[in-house]
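Notes follow the structure.
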């Protein structure tokens, strides 16, 4: 029987899952970084910056390291901005879990122990809190809490970790039936863009963009009153190079892995095609990059694996399942949009399945900014210049009520996306809200209907380094704004030459951080 990864919020009072997690952490942290089963080497697999680790007190400068901390290889192999993001992290978590389990069994713990997950469910307010067991520095007996690290600064830098439901909105995930995008597509898929073994920032899938990125940054943050451009001022979770040191990292990624399993169950309409809500069958994804997913075993040896080998979590090599993979609300935004278009509720439920019908997406550029946008201070405004012909096409598609001929499949309405391209920054520790078409002089917080979504800078610093291992062109983040554009159309506000966009930082962002959006574009997508 597969071991069960449990929801940290549903653990009974007498449950010892987190106790044994802490015991295993102490065992792994007692090992030197030269041991590939140590806490430190496992964290370095995700990322390591030698000087930063020294500055933070996690590495002795005199230690001779077994791997080059400035090169990709066994260390620094995490996959981001790629269609390998999910399978690589699954293999990574499984290797980590096996090493923990080995330590737990040797200490007399349960042989069926499994890593728990932090289910930050936006429909359940209590789950958005930071798990209490990770918060105190000391345990009741006065000993150090192995689940605690000091470098968790939160949204404002004072150590208070607050996650909002908009930070972890997952509704759009269930409306994206395709796992990956082609190399030239805007990133609107669930799992990422087709790439080689890559750390780049331009091809992140929707799950990696949100909730993955915001949770990283909103836990890590920057120490209050300091500059986020000085890396040692930032929390561990806010940076590739230190995230794996924080014990909450592993529960966060267990939940990301769980959401992948949830997405695979999202096929819920008879009109969904056979390949909707399924993993890729492309052998480039299944079997490549051969030999580059290198993982450690509890005995200190290594092995290689691929996406194909981690698809079934119940296989003996992984041997786990999740306590709950229920989806919090399926396609609610689309059904509401169809209702606004005048489609009756019964027909709207039928039409909701039409989005998955087309195997190809047709994308048209509707508008873009003429210059880069620097985000800083309380808010930053930008104006997207709209192409009149493309806007007319968009207006026409919104004006037509989706109707099907007898026996024909219904036509899915167009979708509209706001793409923030070439996001560069000197810091990773930033999160900002993006609003579209706010009323002049309005308080953004009073207009949630104009919130396009949340963007984090997790990984932006590395993606900004030209010629570096994480690309150099910056990140791309995509927000669906169909509902906002629909509302504008229904109010007769879409006959305009520009569309206003406002960036409102949730965390302190100054001009010194050089947070630039190279280009803001609006796309219309037909399926």
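Would you mind computing, in nm to one decimal, how far apart the modelled labels at residue 232 and residue 315 are, each placed 7 Å from Cα along Cα→Cβ?
In this crude spin-label approximation the distance works out to 4.4 nm.
Just rank 137, 23, fewest to most, by other beta-carbon atoms within 10 angstrom.
Ordered by Cβ neighbours within 10 Å, fewest first: 137, 23.
Could the peptides 100-113, 83-96 be put in order, highest first, of the mean number of other beta-carbon atoms found within 10 Å of their residues? The partial results should precede the final answer.
Working: 100-113: 16.1, 83-96: 24.7.
With the highest mean Cβ count within 10 Å placed first, the list reads 83-96, 100-113.
For the ranges 236-248, 304-316, what's the packing order if you count other beta-carbon atoms within 10 Å of each residue, average per peptide, and put the highest first?
Top of the packing list down: 236-248, 304-316.
Relative to the present Cα-Cα distance, how much length would full extension add between residue 510 and residue 399 at 0.36 nm per residue of separation?
Result: 35.8 nm gained on full extension.
Antiparallel versus total DSSP beta bridges in the chain: what percent is that, nearest 5? Could you put the intermediate results ahead of the total?
Details: 48 of 54 bridges.
Percent antiparallel among DSSP bridges in the chain is about 90.
Efficiency by 1/(1 + (r/R0)^6): what FRET value for residue 60 and residue 143, r their Cβ-Cβ distance, R0 = 30 Å, to the nearest 0.05? The partial results should precede the final answer.
Numbers: r = 24 Å, r/R0 = 0.78.
After rounding, the FRET efficiency stands at 0.80.
Note the full-extension length gain between residue 497 and residue 111 as 0.36 nm times their separation in residues minus their Cα-Cα distance, in nm to one decimal.
132.6 nm
Per DSSP H run of at least 4 residues, take -39500 (n - 2.57); add these up for the chain, divide by its residues and hand me the 222 nm value, nearest 500 deg cm²/dmol.
Roughly -6500 deg cm²/dmol at 222 nm, from the helical runs in the chain.
Taking neighbour counts of Cβ atoms within 10 Å as a proxy for exposure, in what order, fewest first, do 295, 475 appear?
Final ranking by Cβ density, sparse to dense: 295, 475.
Among 58-66, 119-127, how do they line up by average Cβ neighbours within 10 Å per residue, starting with the highest?
Highest-to-lowest ranking by the protection proxy: 119-127, 58-66.
For the chain, calculate the relative contact order in percent as a whole number, restricting contacts to Cα pairs under 8 Å that are 6 or more residues apart. Could you put the intermediate results ahead of the total?
Working: 1138 pairs, mean separation 93.3, N = 527.
Answer for the chain is 18 percent.
If you take Rg and Dmax of the Cα atoms in Å from the coordinates, which of [x] 23.9, 71; [y] 32.9, 112; [z] 23.0, 76 do you get?
So the calculated entry is the one marked [z].
How far is it, in nm, from the label point at residue 290 to the one at residue 224 when both lie 7 Å from their Cα along the line to the Cβ?
5.6
Between residue 15 and residue 299, 0.36 nm times their residue separation minus their Cα-Cα distance comes to what? Present the calculation step by step, with values, prior to reporting the outcome.
Details: separation 284, 0.36 × 284 = 102.24 nm, distance 2.83 nm.
Extra length available between residue 15 and residue 299 comes to 99.4 nm.
Just so you know, all these numbers are worked out from the coordinates, no wet-lab data involved. Computed from a predicted structure; not experimentally measured. Glycine also receives a Cβ, built like all others from the backbone with ideal geometry; neighbour counts cover every protein chain displayed.
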